[in-house]
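K.L.:
Just passing along the structure, written as structure tokens.
The values are calculated or read from the model by the stated rules, or taken from the named source; none is laboratory data. Note that the structure is a prediction, hence the values are computed from the model and not measured. We place every Cβ from the backbone using ideal geometry, glycine too, and count neighbours over all the protein chains shown. With ligands, DNA and RNA removed, areas are computed over all heavy atoms of the protein, side chains included. Shrake-Rupley method; radii C 1.70, N 1.55, O 1.52, S 1.80 Å.
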Amino acid sequence: IGLLYWYTETRDISLRNLLTPGTPIVHIGDITHRVEIANTDEEREKGLSGRTNLENVDGMLFVFPDTAFHSIWMKDMLFPIDIIWIGEDLTIINIEKNVSPDSFPRNFRPDRPARYAIETKTHYSDTFGIREGQVIILPQNYIED
């Protein structure tokens, strides 16, 4: 029970939502991460803007229409984040840590072309040992050929 309590508290999610099916899952290493999906232009542009935190999920998965040097900005962001950039081969290619809302209007781009990105709360990548070179597993319906 203590471990379950710690898990829900460290991820800002309720036990009820943890047990609710339907939230897409991403696997990085041996850890499962619950994500929202941003796969339309409108969803990607808005991202996490205007929110005070990540409720009920660990991050937001951005699914881009192609592999390129996509950029992310902090317009209307209210909390710092980590940005995890993922290549077409599902390998983490770059992690931008502790990106502050004060950095707007700066754009953040990966070192190499990316097909996906995950925005998480700041220090998330360090907390869960996420590092460049790791392969991730995405929900199959968001992997495009």
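K.L.:
Ordered by residue, what ³J(HN,Hα) values in Hz, to whole numbers, does segment 34-45 give under the Karplus form 6.51 cos²θ - 1.76 cosθ + 1.60, where θ = phi - 60° and Gly and Pro are x?
P.N.:
Rounded to whole hertz, the list is 8, 9, 8, 10, 10, 10, 10, 4, 5, 5, 5, 5.
K.L.:
Can I ask one more? Could you tell me the accessible area of ASP41 in Å² (1.4 Å probe, neighbours in place), rounded to the nearest ten?
P.N.:
Number for this one is 120 Å².
K.L.:
Between ALA68, LEU138, SER125, whose Cα lies farthest towards the positive end of the dipole of segment 24-145 when Lys and Arg beta carbons carry +1 and Asp and Glu beta carbons carry -1, centred on the Cα centre?
P.N.:
SER125
K.L.:
So how strong a dipole does segment 60-136 carry about its Cα centre when Lys and Arg Cβ are +1 and Asp and Glu Cβ are -1, to the nearest 20 debye? Let's see the in-between values first.
P.N.:
Values: 8 positive and 11 negative charges, 19 e Å.
In debye, rounded to 20, segment 60-136 gives about 80.
K.L.:
Distance from the Cα centre of segment 56-106 to that of segment 21-47, in angstrom?
P.N.:
About 12 Å separates the Cα centre of segment 56-106 from the one of segment 21-47.
K.L.:
In terms of solvent-accessible area of protein heavy atoms at a 1.4 angstrom probe, what is the ranking of HIS27, HIS33, HIS70, HIS123, highest value first? Intermediate results must be reported in sequence, preceding the final value.
P.N.:
On the way: HIS27 65, HIS33 10, HIS70 30, HIS123 100 Å².
Most to least solvent-accessible, the answer reads HIS123, HIS27, HIS70, HIS33.
K.L.:
In addition: How much accessible area does GLU42 have with a 1.4 Å probe, in Å² rounded to the nearest 10?
P.N.:
Result for GLU42: roughly 150 Å² accessible.
K.L.:
Going by accessible area, probe 1.4 Å, with all protein chains left in place, what is the ranking of ARG106, ARG34, ARG51, largest first? All intermediate terms of the calculation are to be shown ahead of the outcome.
P.N.:
Values: ARG106 135, ARG34 15, ARG51 70 Å².
The residues order as ARG106, ARG51, ARG34, largest area first.
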